[in-house]
Amino acid sequence: MVGGGQLARMTHQAAVALGQTLRVLAASPDDPAAQVTPDVVIGSHTDADALARAAAGASALTFDHEHVPTDLLQALVDRGVNVAPPPHALVHAQDKLVMRRRLEALGAPIPRYVEVTAPTDVDAFAAQIDGPIVVKTARGGYDGRGVTLAKDLAEARAVTERYLADGTAVLLEERVDMRRELSALVARSPFGQGAAWPVVQTVQRDGICVEVIAPAPDLDPELGAEAEQLGLRLAGELGVVGVLAVELFETADGKLLVNELAMRPHNSGHWTMNGAVTSQFEQHLRAVLDYPLGATGLIAPVTVMANVLGAPQAPEMSMDERLHHLFARLPEASVHLYGKSERPGRKIGHVNVLGAASGSLEDADYVAEVRERATRAAHWLSHGEWTDGWDEHGR
């Protein structure tokens, strides 16, 4: 697996259960995956020699991020390396312009967009859509980076000019009038087998996913089925091997638009580690190794994942002590920490909380209660303080 981050770390856990050895190409011995797997290659994902060393003798080469240059991957394919997903598919997760054009050609629902080659294109697009604009870099954006929700036309022009001056490819999109964001997570094997998990709701703050509710509550069944089928269709049309996350907007008028694609395990699928029969990490390995795919059914009526994000200032209390207090108060919380140092806004782990089997997704109070426990647990781990004011020492 190219990349030594938390996705590789959690994929390593799944590999152990399958009797596999996961080698990781990590930038540093301190990377989350390099801390736990015995087979580590230190090097850059843009270094052809490092990629070749990582791929040597492997059954498959896969990724925990999309940033490997496709020309380097194609060179590996030409030498007989099983790259999964293949570079002709992965490029759609690397380049937003390539992705938008391909989705448009496939008739998939997308926001209105335009490629920008000069600042005057901003005014022309604004006149066309008659609404607010989102400015995006075609490559490299992640967790809100490379995406600007322009507050007005002047800001859209200024941001566009700055990107173009840096030699960055830019596209503009209409800002969608949306009800919420959803994610359709699917997997596809080289054999062509597909599997889909229930569609989930994602909650974003400052461009970063902070919470996932699985399945998405109050989702029209037909719209949910449409999202799952869209994910499976795109996986097949693009030639994806492994997990594909299709990030979606549910519009205010009840339609779906594709926002982003990710061809790897994804933050919106972390809930599957405890809330689904087969986790996204095991499924990704099953897919790239061409095993039959696992069942994607739910373990509980609802599972909520809350990201543990570094606080503005790390608590004086150690993480070990925070875990002690969390488990004493919320023993049902499943904690997944990534071995990262704490810094503001950094994803250092996540918490999964399952609702009681007797509950119902249609019960708003039930869903709200599970959400509250998950977000309370995550906030405690990041800040060392309880959102409900509870004193862990009984003072």
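The values are calculated or read from the model by the stated rules, or taken from the named source; none is laboratory data. None of these values were measured; they are calculated from a predicted model. Note that we place each Cβ from the backbone using ideal geometry, even for glycine, and neighbour counts take in every protein chain shown.
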Would region 106-124 turn up any residue that is at positive phi and either in contact with a Gly (Cβ under 7 Å, 6 or more places away or on another chain) or among the aromatic types (Phe, Trp, Tyr) (or both)?
no
Can you find even one residue in region 109-120 that is surrounded by fewer than 22 Cβ atoms within 10 Å (Cβ to Cβ) and within 24 Å of Gln280 (Cα to Cα)?
no
Residue selected from region 49-104 under the condition among the basic types (Lys, Arg) and under 24 Å from the mean Cα position of the chain (by Cα), by the criterion farthest from Pro265 (Cα to Cα)
Arg101
From the list Ala314, Ala300, which one is more than 25 Å from Leu61 (Cα to Cα), without any contact (Cβ under 8 Å) to a residue 60 or more places away in the chain and touching an Asp or Glu at 6+ places or on another chain (Cβ under 6 Å)?
Ala314
Please work out which residue is farthest from Ala287 (Cα to Cα), limiting yourself to region 176-188 and to residues that are of a type outside the set (A, V, I, L, M, F, W, C) and surrounded by 14 or more Cβ atoms within 10 Å (Cβ to Cβ).
Arg179
Being more than 28 Å from Thr70 (Cα to Cα), within 25 Å of the chain's Cα centre (by Cα) and not assigned by TED's automatic domain parsing to the domain that holds Glu66 is true for just one of Ile129, Ile133. Which residue is that?
Ile133
Residue under evaluation Asp152, criteria (1) surrounded by fewer than 19 Cβ atoms within 10 Å (Cβ to Cβ); (2) under 22 Å from Leu238 (Cβ atoms); (3) out of contact with any Asp or Glu (no Cβ under 9 Å at 6 or more places or on another chain); (4) not aromatic (Phe, Trp, Tyr), criterion not met:
(2)
Between Val335, Val367, which is among the hydrophobic types (A, V, I, L, M, F, W, C), in a helix (DSSP H, G or I), at pLDDT 95 or above and under 25 Å from the mean Cα position of the chain (by Cα)?
Val367
Please pick out the residue among Leu323, Leu361, Leu354 that is surrounded by fewer than 18 Cβ atoms within 10 Å (Cβ to Cβ) and in the same structural domain as Trp271 (by TED's automatic domain parsing).
Leu323
Kindly indicate whether Val170 is crowded, with 21+ Cβ neighbours inside 10 Å and among the hydrophobic types (A, V, I, L, M, F, W, C).
yes
Restricting attention to region 268-318, which residues are of a type in the set (Gly, Ala, Ser), touching a His at 6+ places or on another chain (Cβ under 7 Å) and surrounded by fewer than 24 Cβ atoms within 10 Å (Cβ to Cβ)?
Ala311
State whether the residues of region 354-361 include one that is outside any helix (DSSP H, G or I), more than 15 Å from His324 (Cα to Cα) and within 22 Å of the chain's Cα centre (by Cα).
yes
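Let's see how each residue does on (1) basic (Lys, Arg); (2) over 25 Å from Ala84 (Cβ atoms):
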site	(1), (2)
Asp218	no, yes
Asn259	no, no
Arg264	yes, no
His270	no, no
Arg286	yes, no
Ala300	no, yes
Specify which of the listed residues (Val36, Val40, Val16) is more than 15 Å from Val288 (Cβ to Cβ), in contact with a His (Cβ under 8 Å, 6 or more places away or on another chain) and either without any contact (Cβ under 8 Å) to a residue 24 or more places away in the chain or not assigned by TED's automatic domain parsing to the domain that holds Met263 (or both).
Val36
The condition of being of a type outside the set (Lys, Arg), touching a helix residue (DSSP H, G or I) at 6+ places or on another chain (Cβ under 8 Å) and farther than 21 Å from Glu173 by Cα holds, among Ala225, Ala262, Ala287, Ala216, only for Ala216
